[in-house]
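> Dumping the structure here so I can ask a few things about it.
The values are calculated or read from the model by the stated rules, or taken from the named source; none is laboratory data. Please read all numbers here as calculations on a predicted model, not as lab measurements. Virtual Cβ from ideal backbone geometry, glycine too; neighbours counted across all protein chains shown.
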Amino acid sequence: MLKKLIGVGLVSTALVLSACGNEEVEPDKDVQTVSAEEATVEVIPAHKDLNQEPVPLEINREGSDVFVRMTSQITDIEIDKDNNYKAWTFNGEAPGPVVVVEEGDTIHFTLDNMDPSIPHSMDFHAVHAAPDKAFADVAPNEEGTFVYKASSPGVFMYHCGTDPVLSHIANGMHGVIIVTPQDGYPTDDEVDREFVIVQNEWYKYNDLNDMTNEEPSQVVFSAKALHEGQVNTNGTVGALIDEPLEAKVGEKIRFYINNVGPNEVSSFHVIGTVFDDVYIDGHPANHMEGMQTVGLPASGGAVVEFTVKEAGTYKFVTHQFNHVQKGAAGKLVVTE
């Protein structure tokens, strides 16, 4: 499992949502979405005409030393149909690319800050490190390299930790790092397919007051590709409705899920099935069985596994359905 990563995939999609059943649910007409052009807070002058092309993740292994190179950059992301957001990103994706390492690895991380205007940083939830040193700011047009050990397995959030942290996360600087257990999961031999699912929120463009005090205008799911040929999307409304995940009848599916927030709780649920096995925060010791819904606080992760026993469309949602109305839904299409 988790042996090959692929590059960037950008998906532009429309909104089609579902409740716990087969009827389609139209989005609430009163829900307001806000593009960068409509925001009351103006774009930082140095960002105004900047739209940096996505840069593939660089990750190389030498024994237990893993060398990870990422960018911080400004890239336009279509978060809803005809609604572009001048996102602050890692590698031009929001959420950023999934990073996979193994328990016990030493991570040599380099951040290339391609933003010409403001500093950025990296906070990996998967490591033990002094934040003022290991998560330090990298100045505009500079690089910084940091070294830390991945000593705990799980599904962790990463994000920019530069003040104000809320602005950096909510503007798009978030993602998932998976630390695979040294001895694997007890169910590894049973799993047929695996996917990474991320939930995040969008607010008015770069508006710290809105991010602090108001409700999100969009709540969305994305998939970050683990293997060649898998769906890889940004946090775009309807991305995993228009380009669903796929599986076969009888297969056991594993989702590595993370709610990167920055503010809302997720109640993750797959309609039409029960989770056979759940590992809270992705740690093998946190094993639960027979769960219907998994609660994910902001930054919380999990491994959830379920078996699809019949052909059909299995929709996954947060069971906070006001957020489904804002985009938090995807599909797993199961065929014979």
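> Starting from residues that are of a type in the set (A, V, I, L, M) and farther than 25 Å from THR180 by Cα, keep the ones in the stretch 92-120 and report whichever is surrounded by the most Cβ atoms within 10 Å (Cβ to Cβ).
Here the answer is MET114.
> When you scan the stretch 140-184, how many residues do you find that are hydroxyl-bearing (Ser, Thr, Tyr) and in contact with a Ser or Thr (Cβ under 8 Å, 6 or more places away or on another chain)?
Final tally of qualifying residues: 3.
> If a residue must be at positive phi and either touching a Pro at 6+ places or on another chain (Cβ under 7 Å) or of a type in the set (Gly, Ala, Ser) (or both), how many such residues does the stretch 271-301 contain?
Qualifying residue count, the stretch 271-301: 4.
> Quick check on the stretch 80-106: of everything there that is in a loop (DSSP other than H, G, I, E, B) and in contact with a Gly (Cβ under 6 Å, 6 or more places away or on another chain), which residue is nearest to GLY63 (Cα to Cα)?
GLY96
> Right, next: I need a count of the residues in the stretch 139-198 that are among the small types (Gly, Ala, Ser) and more than 18 Å from the chain's Cα centre (by Cα).
Going through the stretch 139-198 one residue at a time, the tally reaches 6.
> Quick one: would you say PHE67 is among the aromatic types (Phe, Trp, Tyr), closer than 24 Å to HIS47 by Cβ and touching a residue at least 12 places away in the same chain (Cβ under 8 Å)?
Taking the combined requirement at face value, the residue does not satisfy it.
> Then there's this: In contact with a Leu (Cβ under 7 Å, 6 or more places away or on another chain) and within 22 Å of GLN73 (Cβ to Cβ) - does that describe any residue in the stretch 150-162?
no
> Out of PHE221, PHE195, PHE156, report the one residue that is outside the structural domain of PRO297 (by TED's automatic domain parsing), at pLDDT 95 or above, buried (at least 17 other Cβ atoms within 10 Å of the Cβ) and not in a loop (DSSP other than H, G, I, E, B).
Selected residue: PHE156, the only one of PHE221, PHE195, PHE156 that is outside the structural domain of PRO297 (by TED's automatic domain parsing), at pLDDT 95 or above, buried (at least 17 other Cβ atoms within 10 Å of the Cβ) and not in a loop (DSSP other than H, G, I, E, B).
> While we're on this one: Is at least one residue of the stretch 125-137 part of a strand (DSSP E or B), surrounded by 14 or more Cβ atoms within 10 Å (Cβ to Cβ), in contact (Cβ under 8 Å) with a residue 24 or more places away in the chain and not assigned by TED's automatic domain parsing to the domain that holds GLU305?
Looking for residues that are part of a strand (DSSP E or B), surrounded by 14 or more Cβ atoms within 10 Å (Cβ to Cβ), in contact (Cβ under 8 Å) with a residue 24 or more places away in the chain and not assigned by TED's automatic domain parsing to the domain that holds GLU305, one finds none in the stretch 125-137, hence no.
> Given the options GLU190, GLU201, GLU228, name the one that is in contact with a His (Cβ under 9 Å, 6 or more places away or on another chain) and among the charged types (D, E, K, R). Steps first, please.
On the way: GLU190 fails: in contact with a His (Cβ under 9 Å, 6 or more places away or on another chain); GLU228 fails: in contact with a His (Cβ under 9 Å, 6 or more places away or on another chain).
Only one candidate qualifies: GLU201.
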